[in-house]
Amino acid sequence: MLKVKDVVFRYDGQAEPIINNLSLEVTAGSICGLLGPNGAGKTTTIQLILGLLKAERGMISIQGRTLADDPVAYKKGVGYVSDSHSIYDNLTGQEFLNFMADMYEVSTARRVAVYEPLIKELQVQTYLNRPIKSYSHGTRQKFSIMASLVHDPPLWILDEPMTGLDIEASSVLKRRMREHREKGCTVLFSSHLLEICEQLCDTIAIIHQGECRHTAAVKNRAEGEKSLEQLYLEVVKHEHA
Ligand SMILES: Nc1ncnc2c1ncn2[C@@H]1O[C@H](COP(=O)(O)OP(=O)(O)OP(=O)(O)O)[C@@H](O)[C@H]1O
């Protein structure tokens with residue numbers, strides 16, 4: 001479903017690539033957790049997949065389509081929850097939700113059908129007509145999550161989505177991620193929380209120093225197999241040596 005092959009990327013002015021021949025595959029109808037130390041390249045990888053950054057080499061495709069093949073269809077195939085939500089400060093939550101639905105050309109009936117249950121589940125009714133600049137981080141996160149689902153994206157990408165969410169909202173998000181997978185869609189999210197990956201993921205990918213160093217199945221691990229924590233620590237250990 002998602003294929004990232006031998007991608008190389010460096011930010012302007014950098015001598016060495018930050019992303020180094022990174023390859024990753026996520027199958028349709030699965031949840032994949034991106035793990036890795038601070039600065040490993042998780043957010044950069046996500047932004048490359050989204051087309052917010054441009055790789056200098058390599059190939060990225062979603063459902064067999066690259067950004068160059070059909071930029072609009074490619075972008076409509078992805079829903080994104082960023083780890084920073086500062087750009088819509090002057091809109092109210094309701095205006096932001098409508099703006100995102102307009103951008104994805106989602107009908108009024110469809111946006112109501114998506115947003116109404118989410119507004120109730122995430123308990124944000126009282127925030128709808130207030131400016132986003134007055135929201136806490138967690139409330140911004142809730143609006144970002146709602147907006148990312150309005151076009152029912154086949155690939156849902158979330159960058160550290162649990163950060164700042166209260167316990168009820170985390171529980172709603174986890175359920176929504178599972179439901180997305182049950183519909184045959186795909187979820188990719190970055191996290192520093194191994195327990196969340198153990199609860200949710202079918203696979204994990206460990207990013208270290210701009211490379212995907214290891215991928216592993218999370219469920220049905222054979223008896224005697226290493227725990228995810230042991231596995232993770234072994235993959236990244238030379239950083240701490
Ligand atoms: N705009 C930028 N310009 C230059 N370097 C950057 C920029 N953004 C990130 N970097 C560098 O790229 C590397 C990868 O950063 P990235 O944010 O992708 O890591 P991450 O794995 O998401 O980290 P964290 O877990 O701390 O969020 C880091 O060394 C970071 O300092």
Going Cα to Cα from residue 75, which aspartates and glutamates come in below 19 Å? Please leave out same-chain ones fewer than 8 positions away. 25, 83, 102, 105, 152, 159
With r defined as the distance between the Cβ atoms of residue 94 and residue 225 and R0 fixed at 35 Å, what FRET efficiency is calculated, to the nearest 0.05? 0.15
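Could you work out the relative contact order of the chain, using alpha carbon pairs under 8 angstrom and six or more residues apart, expressed as a whole percent?
Numbers: 418 pairs, mean separation 69.0, N = 241.
Value for the chain: 29 percent.
Chymotrypsin sites (Phe, Trp or Tyr not before Pro) within the stretch 1-76: which are DSSP loop residues with at most 16 other Cβ atoms inside 10 Å?
Values: sites: 9, 11, 74; in loops: 11.
Hits after loop and neighbour filter: 11.
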What is the pair-distance distribution P(r) of the chain, computed from all Cα-Cα distances in 5 Å bins starting at 0, with each bin given as a whole percent? 1, 6, 14, 17, 19, 17, 13, 8, 4, 1, 0, 0
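Need one word for the stretch 126-202: rounded, prolate or oblate. Basis is the Cα gyration tensor (sqrt eigenvalues a ≥ b ≥ c); a/c below 1.5 gives rounded, then a/b vs b/c decides.
Details: a/c = 2.23, a/b = 1.43, b/c = 1.56.
In terms of gyration-tensor shape, oblate.
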Among the helices of the chain (complete DSSP H runs), which have Cα atoms covering no less than 27 Å along the helix axis and a Kyte-Doolittle mean of at least 1.0? none
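With an 8 Å Cα cut-off and a minimum separation of 6 or more residues, compute the relative contact order for the stretch 86-152 in percent.
Working: 55 pairs, mean separation 36.2, N = 67.
Answer for the stretch 86-152 is 54 percent.
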Using only the Cα atoms of the stretch 86-152, each taken as one equal point scatterer with no solvent, compute I(q) by the Debye sum, divide by I(0), and report log10 of the ratio at q = 0.16, 0.19 Å⁻¹. -0.45, -0.64
Between residue 8 and residue 175, how many nm apart are label points set 7 Å from Cα along the C-beta direction? 4.8 nm
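Before rounding to the nearest 500, sum -39500 (n - 2.57) across all DSSP H runs of length at least 4 in the chain and divide by the residue total; then give [θ] at 222 nm in deg cm²/dmol. Could the numbers behind the result be given before it?
Numbers: 8 runs with 84 residues, N = 241.
So the calculated ellipticity at 222 nm is -10500 deg cm²/dmol.
Read the figures in this text as sums done on the coordinates, not as results from a lab. Here the structure is a predicted model, which means the values were calculated and not measured. Glycine gets a Cβ as well: all are built from the backbone with ideal geometry, and neighbour counts include every protein chain shown.
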